[in-house]
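Every number here is computed from the coordinates shown, using simple stated rules; none is lab data. Keep in mind that this is a model prediction, so the values were computed, not measured. Don't worry about glycine lacking a Cβ; one is built from the backbone with ideal geometry, like all the others, and counts go over all protein chains shown.
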Amino acid sequence: MSISLIVAMARNRTIGVNNTLPWRCSEDLKHFKALTMGHHMIMGRKTFDSIGKPLPGRTTVVVTRDKNLKIEGCLIAHSLHDAIKACDGDTEIFIVGGADIYAQSLLLADTLYITEIQQDVEGDAHFPAFDKSEWTETAREVRSQETPQVLNYHFVTYQHR
């Protein structure tokens, strides 16, 4: 089983503001769906709250400290280790946020799927810094959009060396 992190982040590593994405990019959401479909997704409880429901076609594993939390349609885990164990049998699992879960899982990851937003963005959640020399860029697709906001971004794949 390979562990992949998937994230959209600004040049200054911002990934969120007020528990939402700080940009609107439908192509990024389609990219996310295409990669994660049919797989397990591990996320923190606040990330789940920002999405609001289990996403169709995927198994959602929510990591929480709340021993009483139950969410219909989701698996609940109380540590990242337990969340990964809950994904047994999947060929690739996706860590989808938030910042704390990314920080805990970065050293475990085989692949990073990063939508690199080509600008600095104000926010209160950030992807952890990582040493790019430990990763090999295997794909880069340059994209842009005009609406609902002008945005230049790259879909980039990195493999751990």
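Before moving on, here are some points about what is shown:
- The residue list Asp28, Asp49, Asp100 contains one member that is touching a strand residue (DSSP E or B) at 6+ places or on another chain (Cβ under 9 Å) and surrounded by fewer than 17 Cβ atoms within 10 Å (Cβ to Cβ), which is Asp100.
- Residues in the range 78-96 that are assigned to a loop (DSSP other than H, G, I, E, B) and under 22 Å from Val7 (Cβ atoms): Ser79, Ala86, Cys87, Asp90, Thr91, Val96.
- Qualifying positions in the range 96-155 - among the acidic types (Asp, Glu), in contact with a Lys or Arg (Cβ under 7 Å, 6 or more places away or on another chain) and over 26 Å from Phe48 (Cα atoms): Glu134
- The residues of the range 38-77 that are in contact with a Pro (Cβ under 6 Å, 6 or more places away or on another chain) and part of a loop (DSSP other than H, G, I, E, B) amount to a single one, Gly73.
- Filter result (closer than 16 Å to Asp90 by Cα and either part of a strand (DSSP E or B) or in contact (Cβ under 8 Å) with a residue 40 or more places away in the chain (or both)) within the range 7-37: Leu35, Thr36
- Ala125 farther than 19 Å from Asp28 by Cβ, small (Gly, Ala, Ser) and under 18 Å from the mean Cα position of the chain (by Cα): no
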